[in-house]
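Just so you know, all these numbers are worked out from the coordinates, no wet-lab data involved. Since this is a predicted model, take the numbers as computed values, not measurements. Counting neighbours? That spans all protein chains shown, and the Cβs are built from the backbone with ideal geometry, glycine included.
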Amino acid sequence: MRRLLLTAVGALIVFQSGCVPIPEDELPQDDVAAPAQQAFGPLDGGGSEVDSQHFRIHAYSQQDASKISLDAESDYNRITSDTNLFSFSPAVPYEIFVYGSQDEFMKKTGEPQWANGICIGKSMYVFSSPYLNLTVSHQLTHLIFVEFMGSQGQVPDYLWVNEGLAVYEEIKAATVNGAPNMYAGIDATLRQQPIPIDQLVHLAPSTEKDYQVSPWYAESESIVNYIINRGGNAGFASFLGNLRNGQTTDAAVASAYTGVWTNLNGVYQSWLSSSQ
């Protein structure tokens, strides 16, 4: 399993492949040259392929591939709408490989039992389960975030934005699919015992192993949710664009939300006092 190691203030952050996508230009050269489907073992027996505007789906049946394609396009439209990134479009379609079971996924990717998906370059590897759509939504958010942000997408201090947005979109996908909100009821506790903003930014978890029960993920999602709903989708797109262009987080907030917040701590204090 490939890992990108980055050092942050007070912490060693490991961007595991199951957590944040690894850009193709940071893979070994032989992986860059090889077709995407050779990154991990192919589907047994070849499977079926379905192409759409933004995706190429590999699954074991045409029916499954078609449904996953429709769901992924719906996720893509929702994510780009929530972030106001309407002008963003991937350079080439994302590929999604859907293994038939968790055992096959673990065997062919080498991922641990807790992992639900892995992204490498512009390819996503997942497995068939009742939570497949939620996994695809979460991982697709990572793919879009990293591709839009370019080199800034791997900055450790922005991991809370990346993961908070991914969980935010996963919760939305859960609502669409009638699944329970994994963080329902946690938000009130966070307001009573919040993680200080400096710790949220600099002391991120090294893997997504415990993200469903982690206060760090819950608070990251809650703050991203608050920023989008309080500051607006257009403001969030401006905020991401400012980060991509190299502004500090405080400067990115100030220029995106003139008259609302002047820095990240202002966002944090406003979030704390809100009754969202």
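Any idea how far apart Ser48 and Ser61 come out in nm if each label point goes 7 Å out from Cα toward Cβ?
Rounded to a tenth, the inter-label distance reads 0.8 nm.
Please compute the modelled spin-label separation between Lys107 and Leu203, points set 7 Å along Cα→Cβ, answer in nm with one decimal.
Roughly 4.2 nm, to one decimal.
Can you give me the long-range amide H partners of Phe127? Hydrogens built in the peptide plane at 1.01 Å from N, cutoff under 5 Å, separation of 5 or more residues or another chain.
Close amide H contacts, sequence-distant or interchain: Tyr99.
Per residue of the range 242-252, in order, report the coupling 6.51 cos²θ - 1.76 cosθ + 1.60 (Karplus, θ = phi - 60°) as ³J(HN,Hα) in whole Hz, putting x for Gly and Pro.
5, 5, 4, 7, x, 6, 5, 4, 4, 5, 5
List the lysines whose Cα sits under 28 Å from the Cα of Lys172, skipping any in the same chain fewer than 8 residues away.
Lys67, Lys122, Lys209
Which three lengths, in whole Å and largest first, does the range 35-138 cover when its Cα atoms are put on their principal axes?
The Cα atoms of the range 35-138 stretch 38, 27, 26 Å along their principal axes.
Please sort 77-84, 106-113 by packing, taking for each peptide the average over its residues of neighbouring beta carbons within 10 angstrom, highest first.
Going from most to least packed, we get 77-84, 106-113.
Using Cα pairs closer than 8 Å and at least 6 residues apart in sequence, work out the relative contact order for the range 153-273, in percent.
Relative contact order of the range 153-273: 27 percent.
Mark the label point 7 Å from the Cα of Ser270 along Cα→Cβ and return the residues of the range 212-244 whose backbone N is within less than 15 Å of it.
Of the residues in the range 212-244, 223-240 have backbone N under 15 Å from the label point off Ser270.
Please list log₁₀ I(q)/I(0) at q = 0.11, 0.20, 0.21 Å⁻¹ for the range 153-273, using the Debye equation with identical point scatterers on the alpha-carbon positions.
Those come out to -0.35, -1.19, -1.30, one per q.
Could you tell me what a quarter of the Cα convex hull surface of the range 95-198 works out to, in nm² with one decimal place?
Orientation-averaged projected area of the Cα hull: 7.9 nm².
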